[in-house]
Amino acid sequence: MASAMLSLASACPSASLSAHENLKVKLKPGSASLSFSKDKSNLFYNTKSSSRISMVAAVNASRFEGVTMAPPDPILGVSEAFKADTHESKLNLGVGAYRTEELQPYVLNVVKKAENLMLERGENKEYLPIEGLAAFNKVTAELLFGADNPVIKQQRVATVQGLSGTGSLRLAAALIERYFPGAKVLISSPTWGNHKNIFNDARVPWSEYRYYDPKTVGLDFEGMLADIKAAPEGSFVLLHGCAHNPTGIDPTPEQWEKIADLIQGKNHIAFFDVAYQGFASGSLDGDAASVRLFAARGMEILVAQSYSKNLGLYAERIGAINVVCSSADAATRVKSQLKRLARPMYSNPPIHGARIVANVVGDPSLFNEWKAEMEMMAGRIKNVRQKLYDNLSAKDKSGKDWSFILKQIGMFSFTGLNKAQTENMTNKWRVYMTKDGRISLAGLSLAKCEYLADAIVDSFHNVS
């Protein structure tokens, strides 16, 4: 075999070859040489054997050399780590997706029926208008505000179908950036992990208001009010309509009244994220009470909706952005601008999930069946929450009060565990969760509650 000697005229900081470097390779023994043309950015290979061969290959550095590796998503990355683990006791309590008692994904029966209807009708796959499916937009606004609500009757709601909750929030953020330049969005501390990303990408400034009190594992209501009051007039206040993510801690009806008083008095604009209507308490009307309270006061508000949780349409990316305006004329103009913003973003939304929602909500029989299934899902999560509390209370002999778990609502529980303790949960107990201490009770079964309680008690008391 021939040996090779490689010489570089200039040092290269990376493993790749630049078009600005001189390269020369000599092969021994033999009469072949490899040279690099600085002018033409080409590599030449010549031989002096009886048969002359000349080979040319372009060597160019990637234009993407400066693109760094992005960190894994803090929520979706949990599922990736869970899938890679082969331990039989592993638990995935990271992503907020409903599971059966056997910890399997669940497709609602009413969704299957709605899809069968679509097949029977032989509906086509033509493009939707920019604003989405008209039948969907009608029923989603009525579901949120109530069909007899004056804002609906007076046509004061601009509704545009969005790409689930995330896309609807992003569309609203674009509206804020364009028509309220410099306005700040106030976000609860803590909040859903994607909220900050959405406003950062839309170039909308944000700051946080106090929400979670680690001392009580409850709501820091006075801190929340103080921070909203201190914000510049005309700020947007992002509120979780129900089942606050990640804490599961919601204001009481009386506290919602005071929040509305303050926002109205400061001339702020309430911006609701409603991801769990009907899924939190099992009541569609009860979970929409906060939004309807603000609308009843005549306040102009924004509301993002999602059907990922309450209809289990995670992959369909179906939701909406609703803007309640002071007049029908204003609503028409706002809707036109939402459409203008949506057009270069994604052109128009997908149709499948929209038809499912329109079929379910628009048919009295399917609608009642859906409500029953939501009550079943919400009931299972409530039972798991109670069982976990019972196990924690029985196993923890320190006298710690775990009742905050019962006071929280929805699919999540904020355990109060710190980062080191959550790492112990994963490394020792194979319980996968986000580093902020949030667990998804929707991914827990009654049979696994005792195991989880053991893991929490160990992590809380033995890891600082």
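Check off (1) within 17 Å of V324 (Cβ to Cβ); (2) of a type in the set (A, V, I, L, M); (3) outside any helix (DSSP H, G or I) for L103 and give me the number that stays unchecked. The one condition L103 does not meet is (1).
The set of residues in segment 171-190 that are within 20 Å of the chain's Cα centre (by Cα), surrounded by fewer than 24 Cβ atoms within 10 Å (Cβ to Cβ) and either part of a helix (DSSP H, G or I) or not hydroxyl-bearing (S, T, Y) (or both) comprises A174, L175, I176, L186, I187, P190. Pairs are defined by a Cβ separation below 8 Å, a sequence spacing of at least 6 or placement on different chains, a first member in segment 155-182 that is aromatic (F, W, Y), and a second member that is assigned to a strand (DSSP E or B) and modelled with pLDDT of 95 or more; the pairs so defined are F180/F236. Of all the listed residues (P251, P232), the sole one being in contact with a strand residue (DSSP E or B) (Cβ under 7 Å, 6 or more places away or on another chain) and farther than 23 Å from E142 by Cβ is P251. Taking the criterion of being part of a loop (DSSP other than H, G, I, E, B) and among the charged types (D, E, K, R), the residues of segment 377-414 that qualify are D396, K397, K400, D401.
Among the residues of segment 225-241, none qualifies, meaning not one is outside any loop (DSSP other than H, G, I, E, B), in contact with a Ser or Thr (Cβ under 8 Å, 6 or more places away or on another chain) and without any contact (Cβ under 8 Å) to a residue 40 or more places away in the chain. Restricting segment 92-145 to residues that are of a type in the set (K, R) and loosely packed, with under 14 Cβ neighbours inside 10 Å, the residue that is nearest to G282 (Cα to Cα) is K112. When segment 252-267 is filtered for residues that are open to solvent by 10 Å² or more (accessible area, probe 1.4 Å) and of a type outside the set (K, R), the ones remaining, listed by number, are T252, P253, E254, Q255, W256, E257, D261, L262, Q264, G265, N267. A single entry from L366, L417 fulfils the requirement of being in contact (Cβ under 8 Å) with a residue 12 or more places away in the chain, in contact with a helix residue (DSSP H, G or I) (Cβ under 7 Å, 6 or more places away or on another chain), of a type in the set (A, V, I, L, M) and not in a helix (DSSP H, G or I): L417.
In segment 208-231, the residue that is nearest to N418 (Cα to Cα) out of those that are open to solvent by 50 Å² or more (accessible area, probe 1.4 Å) and touching a helix residue (DSSP H, G or I) at 6+ places or on another chain (Cβ under 9 Å) is T216.
Taking segment 354-397 as the range and being of a type in the set (V, I, T) and either surrounded by fewer than 17 Cβ atoms within 10 Å (Cβ to Cβ) or touching a strand residue (DSSP E or B) at 6+ places or on another chain (Cβ under 7 Å) (or both) as the test, only V357 passes.
Considering segment 417-451 alone, what residues qualify as being open to solvent by less than 10 Å² (accessible area, probe 1.4 Å) and either on the phi > 0 side of the Ramachandran plot or more than 25 Å from the chain's Cα centre (by Cα) (or both)? Of everything in segment 417-451, those that are open to solvent by less than 10 Å² (accessible area, probe 1.4 Å) and either on the phi > 0 side of the Ramachandran plot or more than 25 Å from the chain's Cα centre (by Cα) (or both) turn out to be G437, C449. Close contacts from segment 284-310, counting a first residue that is within 19 Å of V334 (Cα to Cα) and a second that is at pLDDT 95 or above and among the acidic types (D, E), with Cβ to Cβ under 9 Å and a gap of 6+ residues or different chains, come to V303/D273; A304/D273; Q305/D273.
The values are calculated or read from the model by the stated rules, or taken from the named source; none is laboratory data. Here the structure is a predicted model, which is why all the values come from computation and not from measurement. Positions of Cβ are backbone-derived with ideal geometry, glycine not excepted, and every protein chain shown enters the neighbour counts. We work out accessible area using only protein heavy atoms, side chains counted, and drop any ligands, DNA or RNA first. Shrake-Rupley method; radii C 1.70, N 1.55, O 1.52, S 1.80 Å.
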